[in-house]
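Every read-out reported here was derived from the displayed coordinates using simple, explicitly stated rules and does not represent laboratory data. What you are looking at is a predicted structure, and each value in this text was computed from that prediction instead of being measured. Here the Cβ positions follow ideal geometry from the backbone for every residue, glycine too, while neighbour counts run over all protein chains shown.
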Amino acid sequence: MTKWDWDYLIQDYRVHRSVYTDSDIFALEMKKIYGDTWVYLAHESEIPNVNDYKTTYLGLRPVIVTRDNDGAIRALFNRCTHRGATICRMDKGNTRNFTCPYHGWNFANDGRLAGVPWKQGYETSFDKNELNLKQLAKVESYRGFIFGTINEDAPSLQDHLGNAKELLDEWIDRYDGEIVVRSNAHRMVLDGNWKFVFDNAADGYHVSFSHRSLLAVGNRYNNEKDKDMTYFGKNPDSSPMYVQYLGNGHVFLDQRPMYDQVGDRWEQQRPQPGREAYEKEIREEYQSQADHYLDLTAGAQMNLSIFPNLLIIGNQIQVIEPIAVDQTRLTWYATTVDNLPDEINTLRMRSQEDFPAFGEPDDVANFAECQRGLSIPEVEWVMFNRGYNVPDRQKVDERGVITAPVTDETPMRNYFQEWKRLLTMERSKVN
Ligand code: FES
Ligand SMILES: [Fe+2]
């Protein structure tokens, strides 16, 4: 029994404000949502060499992702087994050992306690093996994406990805080469609950309102052809765009059907530093292939959200890191492709700087203002009723994937059911 009536708080078409504002519910989410399901940790290309590591979080738990001396990928709790200090305070690096800065206990990068200073001070039965670093129960990768969980009974990662797997494949297979994270990340902290970010990643309703100034700036630059995302303002529900609920909490918004001609994606890009000069070079060098290459500089036009914390947006990997009930860190990792010409990767980088710099501030402002609005106890509900019970708007296929017009709130309505399932799951070992 808990003090919450979850069926009251999470209904079919609305959720209670407290799931965004109650710090006890947040604490439960950090234990159970981020404890019972797979959580994205890192991309393999961030730790390409033996002894590379990066630090991250599983919910609120500090974690070190290492490629150990034997090349195995591990996720170690960043918590000294002596008195609890974090043993690694760097973002990333390369080392065979971590020495705790507090009293100098030394751990190998596979988690083994390798040594303690002045060992003669411990009783002879002291067994170092009992004080190895704790590790996540499972760590698995899918095509470079490393996930971990502390739930020993979790299904395989591929089962968890489910219907999101083939969309992730499509995102990766847009290129012949390998997708690589090699630049530093674009980080921001916002004053809002982490779920506002997840809600918004498959929200085709807000685009032409929230991002009006960005769209206007793009169109002012060159009016011959409307720029990227302007189409959200023109009868979006009768466009070929759509949203989907994929199962297991994962959701998808697809803008790809708006780009059917080769060269469209490039033409619809907003202004970028160096655009004209690079385009000239690329057209001279690649001739009839130039439009194909230029299109690859633009975003994938896929918003694939893998519950609870991984958002594939455009060409980027965005990670949600909850900090508190009303604070969230968002990190955008730009990607490059290892076998594309340098000019294309440079332009890809410019297009990946565009949205986090000019579009995400609109979203972040809305998240903070939603948090402020939801502080009013007398107005209880957050509505996800767009498309709900409206005849002929939703289709369910044989996989159980639900498809709806791009402005429908189908993704939010459905992922919250998975949220409720995880939060109320009895078998959780992390109570
Ligand atoms: S807390 Fe790490 S060595 Fe004491
Ligand atoms: Fe947005």
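For the residue pair H206 and Y286, what label-to-label distance in nm results when each label sits 7 Å from Cα along the Cα-to-beta-carbon direction?
My value for the distance between the label points is 3.3 nm.
Relative to the longest principal axis of the C-alpha atoms of the chain, give the angle of the C-alpha long axis of helix 410-423, reported between 0 and 90° and rounded to the nearest 10°.
Relative to the chain, helix 410-423 is tipped by roughly 10 degrees.
If you take the C-alpha gyration tensor of region 292-382, multiply each eigenvalue by 5 and take the square root, what semi-axes do you get, largest first, in whole Å?
Semi-axes (√(5λ), whole Å): 33, 13, 11.
Please give the direction-averaged projected area of the C-alpha convex hull for the chain, in square nanometres with one decimal.
Directional mean of the projected Cα hull area for the chain stands at 23.7 nm².
Nearest 10 degrees is fine. How inclined is helix 360-373 to the longest principal axis of the chain, computing both from alpha carbons?
So the helix axis and the longest Cα principal axis differ by about 70 degrees.
Starting from the Cα-Cα distance between K128 and N385, subtract it from 0.36 nm times their residue separation and give me the gain in nm to one decimal.
Additional length available on full extension: 86.9 nm.
Calculate the all-directions average of the projected area of region 110-178's alpha-carbon convex hull, and give it in nm².
7.3 nm²
For region 39-142, state the semi-axes of the equivalent ellipsoid (square roots of 5 times the eigenvalues of the alpha-carbon gyration tensor), sorted largest first and rounded to whole angstrom.
Largest first, region 39-142 gives 25, 13, 12 Å.
Counting C-alpha atoms alone, how compact is region 127-225: give Rg to one decimal and Dmax as a whole number, in angstrom.
Every Cα atom of region 127-225 included, Rg and Dmax give 20.4, 73 Å.
P(r) of region 276-431 in 5 Å steps, Cα pairs, percent per bin?
2, 6, 11, 14, 16, 14, 13, 10, 7, 5, 2, 1, 0
With +1 assigned to the C-beta of every Lys and Arg and -1 to the C-beta of every Asp and Glu, and no other charges, what is the dipole magnitude of region 39-142 about the Cα centre in debye, to the nearest 20?
280 debye
Compute the long axis of helix 275-286 from its Cα atoms, compare it with the longest principal axis of the Cα atoms of the chain, and write down the angle in degrees, 0 to 90, nearest 10.
90 degrees
Take the Cα gyration tensor of region 263-334, multiply each eigenvalue by 5, square-root it, and list the three semi-axes largest first, rounded to whole angstrom.
Values for region 263-334, descending: 34, 13, 9 Å.
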